[in-house]
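Encoded as structure tokens, the structure appears first; notes follow it.
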Amino acid sequence: MNIDELFLLIDDPQQDYDRFEVMQSFVALAKLEDGNESSYWLEVVAFKLYLNGEAELVTDFEGELASAKQLGAKTYYQQRLTITQNLQTKALYGHLLWQLHRGYSGCATAISVYLQQAEDVIDRLSGEDKVFSIWNDAIRPALKLSAAINNETAFTKGINLVNRLLNSAAPIWMKCSILNFLLANLKNKIKSFDLDNYVQEVLQLPSALKGSRHEEIVETAIKIDRVLTGQRQALLWEQLGDAFQASALQREDDAMGIVTMPWMAKAMDCFRKARADAKYQAAATDYETLKKNRRTNSVRIPLLNETQGKLLYRQIEHVKKSFLTMPIEDLLVNLAVDLDLLFWQGADDGLRVYDDLSRAVTFVNFDINQNPKVLSEAGSQRFSDANTYHLKFKIYTQTCVNAIMQELIKNGQLNMPSLDVFFKKSWIGQTIIQAEQDPEKNYDLYAMVRPALVYYVEQATRRLQGQEADFILCIDTLVTKYEMLARMLLKSFGIPTTTIDSQSSEPRESYLPELLDKLPTDKLDQKDMELIRHIYAKGGMDLRNKVAHSFLIPEQYTLELADVVVWSIIRIGQFTTEEKLP
């Protein structure tokens, strides 16, 4: 798509476009111009923005906003705002101008467009998530922006649109969603809305949990009632307790108590808040019965948001496609050095849009008295960080790597000739070791890992052809050889690989976790450091320990795990002797 076609797409009032695809198109055009067309990059920044939970435009890369905050950028976006006739594009430019430059006219334009978009779909809110998403992404910024500039006329229109939803037969979770936004962002104006109908509707809910958002729906009604009169607090808490207790007692497929015990514990808490003493005692008796019959000691339950899953799938497909269009030589190099395949735990996380997913994960653990303890980020930060990274790695990084490497095996591109070429150019193939038993014999490090790579290619090909395959030898060999490679890499940087033993006070070779702590930050990117520790050390997959002590069972030696191990060998081979070795 050339630049004229692209602007025609985003300016045509009849066109509905995908912002992610538009952003990618502008990136491609900007790269063709070799950075000389700054307006293309301003469009990239604009179309990268998305609405967060507070109805503000944000980006995963805050540093990119610097260019959009310049005076020339303001003029450019103002010109684009007057040209485009597409409502989606108008709202984007107008909102951006207000947020970055406090442009009043841009804000007014965005409000007008948002209200029109919300009005267009209000009568179709019958349960379709996609339609509600459109309405929600329009009404939230419309309300917040009109309140920010004291546009009472626009805010009143927004109130009417919300009240139409609250008084309609739309699913109650939709009403809960917008009310939670109002409570968090416009609490000083929330009494302007028809709140009582929502509380009355919640009081009529069935006496068992209905859907995964039942608890949130009732707790929102409790917050709303507190804003109104506070006279129905006990009724609402008791109703929520009834729902938890009934659902726990009706559940027949949870002999281990991983769901029913936390539910019953919540029922007890709700009855306590409602001061329903008799119900509290009955729930406590039921809880003790469940605890007595429980047959396991720990479990973990992940919850995945569907919308985030779709975004994730689209991102993975984009990454896979971009890799598979490269020649195999370039592709292997990119597998070794591309940081976009990795997650970072800090504020610059390139996929922060998926962080809500990690917050939605509930870890249920049982103590020695068989009482459930629900942990989250508010509990143990170390526990949460490790599991958050593992979740991101599993659903994004590993999925990308598996998809790319298995496609390469299928089409015959990932073979020993291509791997030989890659490793012979890396420090692994260039490092010559002298044999201790025979000083006249030398070998390169690649000779130590190549047999396992041969086995991986053979077995992966068999598995992808539907035949039986075995990855035990491949994984066990490469995991142990990784420690050797880490040791030799440190030596090549001139870093000692020995440690003084704390008990004997004698020098000894460092263990892998100690070697990883010695990796130089000026040689390896922090993302790579996180990856290595996750794959091989405690707190992550801990493959070195599990292989060394034979903790893995045959079913765990999968093609997917072999892909990750081989990929880790490729990544540690990213250096060349000329660039990194003394």
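The values are calculated or read from the model by the stated rules, or taken from the named source; none is laboratory data. Keep in mind that what you see is a predicted model, and the values were worked out from it rather than measured. Note: ideal-geometry Cβ built from the backbone for every residue, glycine included; neighbour counts use all protein chains shown. Please note that ligands, DNA and RNA were not included when accessible areas were found on the heavy atoms of the full protein model with its side chains. Shrake-Rupley method; radii C 1.70, N 1.55, O 1.52, S 1.80 Å.
The numbered conditions (1) surrounded by fewer than 14 Cβ atoms within 10 Å (Cβ to Cβ); (2) in a loop (DSSP other than H, G, I, E, B); (3) modelled with pLDDT of 75 or more are all true for Leu414 except (1).
Within segment 258-266, the presence of at least one residue that is at pLDDT 90 or above, over 26 Å from Leu391 (Cβ atoms) and under 34 Å from the mean Cα position of the chain (by Cα) is confirmed.
Show me the helices (runs of 4 or more DSSP H) entirely contained within segment 534-582 in which 1 or more residues are at positive phi, at pLDDT 95 or above and aliphatic (A, V, I, L, M). Before you say what the answer is, go through the steps one by one.
Details: elements: 543-548, 559-572, 577-580.
Once the helices (runs of 4 or more DSSP H) in segment 534-582 are filtered for at least 1 residues that are at positive phi, at pLDDT 95 or above and aliphatic (A, V, I, L, M), nothing remains.
Among helices (runs of 4 or more DSSP H) entirely within segment 274-352, having at least 3 residues that are modelled with pLDDT under 80 singles out 306-324.
Just one of (1) among the charged types (D, E, K, R); (2) surrounded by fewer than 17 Cβ atoms within 10 Å (Cβ to Cβ); (3) modelled with pLDDT of 95 or more fails for Asp129. It is (3).
Yes or no, residue by residue, for (1) modelled with pLDDT of 95 or more; (2) surrounded by 16 or more Cβ atoms within 10 Å (Cβ to Cβ); (3) within 23 Å of His318 (Cα to Cα):
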| residue | (1), (2), (3) |
| --- | --- |
| Pro13 | no, no, no |
| Asp18 | no, no, yes |
| Val22 | no, yes, yes |
| Gly35 | no, no, yes |
| Trp41 | no, yes, yes |
| Val58 | no, yes, yes |
| Ser67 | no, no, no |
| Gly72 | no, no, no |
| Thr75 | no, no, no |
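Looking at this structure, is Lys527 open to solvent by 60 Å² or more (accessible area, probe 1.4 Å) and in a helix (DSSP H, G or I)? Here the answer is no, as Lys527 does not meet what is asked. Scan segment 181-215 for residues that are within 27 Å of Lys157 (Cα to Cα) and open to solvent by 70 Å² or more (accessible area, probe 1.4 Å) and jot them down. Of everything in segment 181-215, those that are within 27 Å of Lys157 (Cα to Cα) and open to solvent by 70 Å² or more (accessible area, probe 1.4 Å) turn out to be Ala184, Lys187, Asn188, Lys191, Asn197, Gln200.
Surrounded by fewer than 18 Cβ atoms within 10 Å (Cβ to Cβ), part of a loop (DSSP other than H, G, I, E, B), out of contact with any Lys or Arg (no Cβ under 7 Å at 6 or more places or on another chain) and at pLDDT 60 or above, is that true of Gly379? No, not satisfied. Look at (1) in a loop (DSSP other than H, G, I, E, B); (2) within 30 Å of Ser492 (Cβ to Cβ) and you find that Phe423 fails only one, number (1). Annotation note: Cβ proximity below 7 Å between a residue of segment 521-538 that is touching a residue at least 24 places away in the same chain (Cβ under 8 Å) and farther than 21 Å from Ile475 by Cα and a residue that is assigned to a helix (DSSP H, G or I) and open to solvent by 10 Å² or more (accessible area, probe 1.4 Å) (sequence gap 6+ or interchain) occurs for Lys523/Lys580; Asp525/Leu339; Lys527/Leu339.
Residue by residue, here is whether (1) over 28 Å from Leu9 (Cα atoms); (2) open to solvent by less than 10 Å² (accessible area, probe 1.4 Å); (3) of a type outside the set (Ser, Thr, Tyr) holds:
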position: Leu92; (1), (2), (3): no, yes, yes
position: Cys107; (1), (2), (3): no, yes, yes
position: Ile122; (1), (2), (3): no, no, yes
position: Asp137; (1), (2), (3): no, no, yes
position: Ser146; (1), (2), (3): yes, yes, no
position: Thr153; (1), (2), (3): yes, no, no
position: Thr156; (1), (2), (3): yes, no, no
position: Leu166; (1), (2), (3): yes, yes, yes
position: Trp173; (1), (2), (3): yes, no, yes
